[in-house]
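J.: This structure is in structure tokens; I'll ask about it shortly.
The values are calculated or read from the model by the stated rules, or taken from the named source; none is laboratory data. Since the structure is predicted, the reported quantities are computational estimates derived from the model, not experimental observations. Neighbour counts run over all protein chains shown; Cβ positions are idealised from the backbone, glycine included. Surface areas here come from the heavy atoms of the whole protein model, side chains and all, with no ligands, DNA or RNA. Shrake-Rupley method; radii C 1.70, N 1.55, O 1.52, S 1.80 Å.
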Protein chains: 2
Amino acid sequence: MRSLRLSANPSRRCMIASLAALAVACGLLAPISAAAESDPLPSWNDGAAKQAIVDFVKATTDQSSPKFVPPEDRIATFDQDGTLWVEHPIYSFVMYALDRVPAVVKAKPHLAKVEPFKTVLTGDREAIAKLSLHDLEKIIAATFTGMSVDEFSAEAKKWTETAQDARWKRPYTELTYQPMQEVLQYLRDNGYKTYIVTGGGQDFVRVYSEKAYGIPPEEVVGTAGRTTFSYDKNGKAFLTKDPKLLLNDNDAGKPEGIHFMIGQRPHAAFGNSTGDRQMLEYTAGGDGARLEMLVLHDDPTREYAYGPATGLPDTKVGTFTQALYDEAKKDGWTVISMKNDWKRIFGFETAP
Amino acid sequence: MRSLRLSANPSRRCMIASLAALAVACGLLAPISAAAESDPLPSWNDGAAKQAIVDFVKATTDQSSPKFVPPEDRIATFDQDGTLWVEHPIYSFVMYALDRVPAVVKAKPHLAKVEPFKTVLTGDREAIAKLSLHDLEKIIAATFTGMSVDEFSAEAKKWTETAQDARWKRPYTELTYQPMQEVLQYLRDNGYKTYIVTGGGQDFVRVYSEKAYGIPPEEVVGTAGRTTFSYDKNGKAFLTKDPKLLLNDNDAGKPEGIHFMIGQRPHAAFGNSTGDRQMLEYTAGGDGARLEMLVLHDDPTREYAYGPATGLPDTKVGTFTQALYDEAKKDGWTVISMKNDWKRIFGFETAP
């Protein structure tokens, strides 16, 4: 399911005027008199973070505001892992790569005796957790490339529908943060296009982005490899995924990916680690109203706590360094405390 | 101005039902009883080309048709130069590059004595026309890179608003083909997303795509270079355009760009040269209803005629080879004859 589109045309004014009435009639928007009572962010506690979001949306959509942003410029970008869903103790796309190793070894038996595949096949969790970044890159290259883009999507789709997170015993796609789902919806209801800008595999995230977030594949920017064009035995054209990097969508690669895929500087950006720093700086570098937010994982009971800013030891993933925390404070970015700002974490929990 | 977006939400069914009524009320769609009388393609003569487009749209949007395509899969891609607007005698983005040479030389005076800049500065049209592809690449690299993405956009915008085509004495953005504008609108009115997939510079086309075609920047795929992230003297982040190729959006680069930017195989694709061949083959390679069309420039009076299929000598641009023509006939692609299929070429001409 994805958003509906009405094309721009000469009767656009009529459409816009009528759409407001239609939206109210369908319960999409509360009528203005009741608007003050309805809360677009019910899973958020009152506080600076919630207020920053509401103030930004109001200022940028009010034609009389000096901070008004025309609809065609309303772009918001969201990191995924740790910002929109759980990234701890391991990124889901890495989990997928590890789960795919047996199938890869079946197709290429000589890999069974080659590291890091040998370690993964043992199933020894502690040994697997100790694999280096370089080892993980090898595993991702072997499991994400060498097949057609259609085969990759079919396999990844199957996995996302069956694999479960070990702690919550639910599909990963249910481990999205309910308060962030509300932000996505709130922004879209106010004319924003909401993009995922992830360091994870672009083709991987596109498999479930519509179902998990209401975001269509073309609004997912991620780390991507090159593809090779060729023909099958029936002469039909297809693309094969190559182990050659096209875009490393981390750090400065995020603004580069945003420029390449969207062509506009975002007005709002959400992240949770140093990998998102340049995306937030790029967002902040534009004129007019800009919103930069960072999710802080400080809730060891309901989710996880990690990163120096929490006073807890840092981990491999989601590095929210003290330097990033200091930059946020200095530049007026908003830090979201999962513990204090969110009434609930997941959609499957009882509504507040 | 761009398309409106309504986000998917629990009241979607109500919205969809009501939207049809609303669309009729606003004159966006004719009521069904009058639909047979209204013509979505008034600048097209009746014939196989027009029929192919209408048949495709009807089959893919009729829920009871075996060829029905769900709205989220409705992707159509269009080459630009020679398919959506005039490319003869020189691509507009090359014209822009040539026009920018004096400014580049002013900033870097030593280039005045270096070829091919020296030749361009003479203004000698015949000598300029003889520049090699390699020379043109040097000129494009020098004029399209080395500045911030914002500076490039501002300069290109200024040029598209003032520069004029020598034959028609009008801005290039008015030299779009009216029959193709109708196809774009007809597809969008039927739930298709219409992408430009151009061998021209992505950042260049994005400057005017909304105004010229109603296509927002994020729906333009084109040849693109890398960018470098840095900070200005006030500490604000910006991107600089680098002379390093990220995507060569020609030939097999078109399907690669489509997969990277859209993530789906198109259901319809329109081109006019061998540079579009793989895009059409990739489109044809999918299951279900697919539409592949090629614009043939065979109208020396109202526009231009070139390419072997016209019986006329080939030129540097828009190579519509006999081999491509034969492939189109063999594979059931439709060749659009500008001379026979189009009642008028441009929007500024008298309506038929």
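J.: Counting pairs of alpha carbon atoms under 8 Å apart in space and at least six apart in sequence, what relative contact order in percent does region B:158-241 give?
T.: Relative contact order of region B:158-241: 20 percent.
J.: Averaged over peptide B:253-266, how many Cβ atoms belonging to another chain are found within 10 Å of each residue's Cβ?
T.: 6
J.: Hey, what's the protein assembly as shown come to in accessible area per residue, 1.4 Å probe, Å²?
T.: Result: 43 Å² per residue.
J.: Then there is this: Using a 1.4 Å probe on protein heavy atoms only, how many Å² of accessible area do B and A hide from each other, summed over both chains and rounded to 100?
T.: In total, chains B and A hide about 6300 Å² from solvent.
J.: Moving on to the next point. By the gyration tensor of its Cα atoms, with a ≥ b ≥ c the square roots of the eigenvalues, what is the shape of region A:183-340: rounded for a/c under 1.5, prolate for a/b over b/c, or oblate?
T.: prolate
J.: Grab the eigenvalues of the alpha-carbon gyration tensor for chain B, scale each by 5, take roots, and send me the semi-axes largest first in whole angstrom.
T.: Result for chain B: semi-axes of 36, 25, 19 Å.
J.: Once both axes come from the Cα atoms, what is the angle between helix A:133-144 and the longest principal axis of chain A, in degrees from 0 to 90, rounded to 10?
T.: Result, in degrees: 90.
J.: Still on this model: Counting alpha carbon pairs within less than 8 Å and at least 6 residues apart, what relative contact order, in whole percent, applies to chain B?
T.: After rounding, I find 21 percent.
J.: Please list the non-local residues whose amide H lies under 5 Å from the amide H of residue B:82, H modeled 1.01 Å from N, same-chain partners needing a gap of 5 or more.
T.: B:87
J.: A further question follows. Could you derive backbone 3J(HN,Hα) for region A:95-106 from the dihedral phi with the Karplus parameters 6.51, -1.76 and 1.60 (θ = phi - 60°), listing whole Hz in sequence and x where the residue is Gly or Pro?
T.: 4, 4, 4, 5, 5, 7, 4, x, 5, 5, 5, 4
J.: Taking the simple approach of a point 7 Å from Cα along Cα-to-Cβ for both residue B:245 and residue A:287, what is their distance in nm?
T.: Rounded to a tenth, the inter-label distance reads 3.6 nm.
J.: Could you work out the Rg to Rh ratio of region B:92-225, with Rh taken as the Kirkwood radius (inverse of the mean 1/r over all Cα pairs)?
T.: A ratio of 1.01.
J.: Now a separate question. One quarter of the convex hull surface, Cα atoms only: what value does that give for region A:31-174 in nm²?
T.: 13.6 nm²
J.: Moving on. Could you give me the ³J(HN,Hα) list for region B:173-183, computed from phi with Karplus coefficients 6.51, -1.76, 1.60 and θ = phi - 60°, whole Hz, x at Gly and Pro?
T.: After applying 6.51 cos²θ - 1.76 cosθ + 1.60, I find 5, 8, 8, 7, 7, 4, x, 6, 4, 5, 5 Hz.
J.: What number results when the radius of gyration of region B:155-261, computed over Cα atoms, is divided by 2.2 N^0.38 Å?
T.: For region B:155-261, the normalised Cα radius of gyration is 1.24.
J.: Further question on the same structure: So how strong a dipole does the protein assembly as shown carry about its Cα centre when Lys and Arg Cβ are +1 and Asp and Glu Cβ are -1, to the nearest 20 debye?
T.: 100 debye
J.: Let me ask something else about it. Mind putting a number on the dipole of region B:124-217 about its Cα centre? Charges go on the C-beta only, +1 for Lys and Arg and -1 for Asp and Glu, and I need it in Debye to the nearest 20.
T.: 200 debye
J.: Right, next: If we hang a label 7 Å off Cα along the beta carbon direction at residue B:300, how far is it from the matching labels on the other copies, in nm, shortest first?
T.: In nanometres, ordered from closest: 8.4.
J.: Could you tell me how many degrees, from 0 to 90 and to the nearest 10, lie between the Cα long axis of helix A:48-61 and the main elongation axis, the longest principal axis, of the Cα atoms of chain A?
T.: Approximately 70 degrees, to the nearest 10.
J.: Now for a separate question. What is the average number of partner chain Cβ atoms found within 10 Å of a Cβ in A:222-234?
T.: Rounded to a whole number, the mean comes out at 3.
J.: Roughly how large, in nm² to one decimal, is the mean projection of the convex hull of the alpha-carbon atoms in the protein assembly as shown?
T.: Spelled out: convex hull of the Cα atoms, projected over all directions, averaged, 33.1 nm².
J.: Starting at the first residue of region B:158-171, write each ³J(HN,Hα) from the Karplus equation 6.51 cos²θ - 1.76 cosθ + 1.60 with θ = phi - 60°, in whole Hz, x for Gly and Pro.
T.: Per residue, the Karplus-derived 3J(HN,Hα) values read 4, 5, 5, 7, 10, 5, 10, 5, 5, 7, 9, 6, 9, x Hz.
J.: If we hang a label 7 Å off Cα along the beta carbon direction at residue B:288, how far is it from the matching labels on the other copies, in nm, shortest first?
T.: Its label point is 3.7 nm from the equivalent points in the other copies.
J.: For the pair residue A:340 and residue A:166, what calculated FRET efficiency results from E = 1/(1 + (r/R0)^6), where r is the Cβ-Cβ distance and R0 = 35 Å, to the nearest 0.05?
T.: 0.85
J.: Quick one: label points 7 angstrom along Cα→Cβ at residue B:326, distances to the other copies in nm, smallest first?
T.: Nearest to farthest, the other copies are at 7.0 nm.
J.: Using the per-residue mean of other Cβ atoms lying within 10 Å as a proxy for protection, in what order, highest first, do the peptides A:231-238, B:152-159 fall?
T.: The densest-packed peptide leads the list: B:152-159, A:231-238.
J.: Amide H of residue B:298: which non-local residues (sequence gap of 5 or more, or other chain) have their own amide H closer than 5 Å, using H built in the peptide plane?
T.: Residues meeting the criterion, in which the H sits 1.01 Å from N, are B:338, B:339.
J.: Follow-up. Taking amide H atoms as placed 1.01 Å from N in the peptide plane, list the residues 5 or more away in sequence, or in a different chain, whose amide H sits under 5 Å from that of residue A:242.
T.: So residue A:242 has HN proximity to A:146, A:226, A:227, A:228.
J.: Now, a different point. Please list A:274-286, B:112-124 highest first by mean number of surrounding beta-carbon atoms within 10 Å per residue.
T.: The peptides rank, most packed first, as A:274-286, B:112-124.
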